[in-house]
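Structure, as structure tokens:
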Amino acid sequence: MMQLERTTRAERDAGRKALVPFFTAGYPGEGAFLDLVRAAADAGCRTVEVGIPFSDPVADGPLIQASSLAALRAGMTLRRALALTARATAATGVGAVVMSYANPVLRFGATEFAAAARDAGVVGVILPDVPHEEAAPLRGPLAAAGLPLIELIAPTTGAERVARIAADARGFLYLVALTGVTGAVADPAAHAAQLVGRARAVTDLPCYVGFGVSDAEGARRVVRDADGVIVGSALVRLLQSAPHQTAGVGDVAEFLQSLRKALASPAREVRT
Amino acid sequence: MSTSEPAIAGRFGPYGGRYVPETLMPGLIELEAAFAAAWVDPAFRSELDALRRDYGGRPTPLFRARRFGAAHGGGAEVWLKREDLNHTGAHKINNSLGQALLARRMGKRRVVAETGAGQHGVATAAACALLGLECVVHMGEVDMARQAPNVARMRLLGARIAPVGSGTRTLKDATGEAIRDWVANVATTHYILGSTVGPHPYPTIVRELQAVIGVEARAQFLAATGRLPATVVACVGGGSNALGIFSGFIADAGVALVGVEAGGSSAGHSAALGRGTPGVLHGSYSYLLQDGDGQIVAAHSIAAGLDYPGVGPEHGHLKDTGRAVYESVDDREALAAFHALCRLEGIIPALESSHALAWVARRQSQSPALDGPILVNLSGRGDKDLADLVPESGGGGA
């Protein structure tokens, strides 16, 4: 079993809901990024998602697009993002799952990327524009380096398709809780229960819900069913609206603590 | 009529595929099945044929450009396939009508589209008005400024324009926004992609809908001259007008196929096939303009419809197999050809199509010139470009 899956299963077996924050590599600055991963570790996160900036991120809404563009303008590259990730994970002990689009990885070379990611302490890879049908040529090289390619299912994914995707899933299954791009306004809990139900019917892999989880209440409701939540755009929003980077990091740290607290006491109210 | 039908999962050789978020995959699979069923349904085909004829103005004429040929043809005959005479001013209506009919057949009441020059946006707005579909066109702010007449046309036709202010603010980012819109609204919405790009099945659907250009042109050319052209030339942005006309001649091994990309200026270019490398953009694997780190590089062309850093996957395959060759002409050459056709033939061509004409003029000024007849796909008319080229025209008559 790969390292990521040992972590995700152990966390679930311990009765703990996972909190996975998403940070764009190098945003709002390299030092601030390292501080953000530290804040995640302090909030009890075992895994963080690190976005490799890309010029044309079609799965992302305006907030993550803007963070990606800002990091690129500041000179971020795939190689630098991996080096930065290596520093962050070495300093904190959290596992990093990197999120990239297909093109930078193909340009780097799938095998070379897998080796470089492994050497940087990366524990998993998410490629949101690589659906299950296109994944095989990438899954092999990544697996050879001990890295799972995280599979995603969406509200539009039918039961038969969920079964096919889940059969190849490792680490955790990523449940996209809304029909849309990251950061859209939605009630993630509305889809989460149904998605988790579909997934549980075919896999015992931990199920994490992302896209559209923006506050403690949403996170709490999502983990009534799911094993963890992934939060991204809400963090970028805090970083964007802060007067300076230090304040932004502080706001994110505080927010992650509030999420952690909410996850420790899952919602028990009557479902509507 | 297929050219190089994808063997597996929409691949043309190594190119193509479906690189989209999982949210869209069921929609693409549904679209693939719906198009396959519609395309063999005689009722669908006859409705499309009737609209092409009575609404779109097909068949478009084949015209021998004698004065342009005498001045710039190097002794060869130059023939024009007059796609500029289509309703809404370009070949784009061939695709938009077909896909709007498909949207209605699939029960989708809302349509989204991307547009660069505005020709695809106008064609889609018209087709949606005709069929009573809601239409949202994503368009970069740079293109809205340089193609103001088409923005006005789309609004008159009832479409809502969604300005795109991110990234390059041109066709690349408009396409990204259209994809995001579709991701969010896939249950109710059909995305009418305007070129032979994007995830499978779009490159195949758009080619099949544009193949009418080549089928007509081949029959017309034979009827007019008793032979086939020696060379068929078309401009290539995403590549739909080129694949449309190439489709008619691809099985004729003796007919040379030439795609002309935008060489741009010192500010940049759009020659994805000529100077790009393979990668993934907007859902498919094909040639594109990228840097060493896999970031997409902004394209440049005087012609907004060619100002795109990618190209359709089937063109990548035609390039690699050598069945078609791809060259480029720059902004200045395209402008010279634009003016030449205006003065010599009384036809105002689109700046995009002017690239194909410019290739003929340059090629035939070299020695030895091609001696067989040359067929140029005159993919659109230039009214939309007048505000840019002739400021005193006050917006090109929009």
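The values are calculated or read from the model by the stated rules, or taken from the named source; none is laboratory data. Just so you know, these numbers come straight off a predicted model, no measurement behind them. Positions of Cβ are backbone-derived with ideal geometry, glycine not excepted, and every protein chain shown enters the neighbour counts. Accessible surface is based on the protein model in full, side chains and every heavy atom, while ligands, DNA and RNA are left aside. Shrake-Rupley method; radii C 1.70, N 1.55, O 1.52, S 1.80 Å.
Candidates are the residues of segment A:179-191 that are under 15 Å from B:Glu22 (Cβ atoms) and among the β-branched types (Val, Ile, Thr); the one that is most open to solvent (accessible area, probe 1.4 Å) is A:Thr179.
Taking the listed residues B:Thr189, B:Thr168, the one that is open to solvent by less than 10 Å² (accessible area, probe 1.4 Å) and within 14 Å of chain A (Cβ to nearest Cβ) is B:Thr189, with no other qualifying. Any residue that is out of contact with any His (no Cβ under 7 Å at 6 or more places or on another chain), at pLDDT 95 or above, aliphatic (A, V, I, L, M) and open to solvent by 10 Å² or more (accessible area, probe 1.4 Å) - is there at least one of those in segment B:379-397? Within segment B:379-397 (the criterion being out of contact with any His (no Cβ under 7 Å at 6 or more places or on another chain), at pLDDT 95 or above, aliphatic (A, V, I, L, M) and open to solvent by 10 Å² or more (accessible area, probe 1.4 Å)), the answer is no, since none of the residues qualifies.
The residue of segment B:273-313 that is farthest from B:Leu335 (Cα to Cα), among those that are more than 10 Å from chain A (Cβ to nearest Cβ) and among the charged types (D, E, K, R), is B:Arg275. Annotation note: of A:Val123, A:Val209, A:Val176, A:Val196, the sole residue that is under 15 Å from the mean Cα position of the chain (by Cα), more than 25 Å from A:Asn103 (Cβ to Cβ), open to solvent by less than 20 Å² (accessible area, probe 1.4 Å) and β-branched (Val, Ile, Thr) is A:Val209. Sort through B:Tyr308, B:Tyr285 and tell me the only one that's touching a residue at least 60 places away in the same chain (Cβ under 8 Å), of a type outside the set (A, V, I, L, M, F, W, C) and assigned to a loop (DSSP other than H, G, I, E, B). So the residue among B:Tyr308, B:Tyr285 that is touching a residue at least 60 places away in the same chain (Cβ under 8 Å), of a type outside the set (A, V, I, L, M, F, W, C) and assigned to a loop (DSSP other than H, G, I, E, B) is B:Tyr308.
Cβ-Cβ contacts under 9 Å between residues 6 or more apart (or on different chains), taken from a first residue in segment A:128-154 that is closer than 21 Å to A:Val209 by Cβ and more than 14 Å from chain B (Cβ to nearest Cβ) to a second residue that is buried (at least 23 other Cβ atoms within 10 Å of the Cβ) and of a type outside the set (Val, Ile, Thr), are listed as A:Pro148/A:Leu4; A:Pro148/A:Gly124; A:Pro148/A:Leu142; A:Pro148/A:Ala169; A:Pro148/A:Gly171; A:Pro148/A:Phe172. Listed here are the helices (runs of 4 or more DSSP H) enclosed by segment B:122-231 that have at least 2 residues being modelled with pLDDT of 95 or more and within 18 Å of the chain's Cα centre (by Cα): B:171-185, B:202-225.
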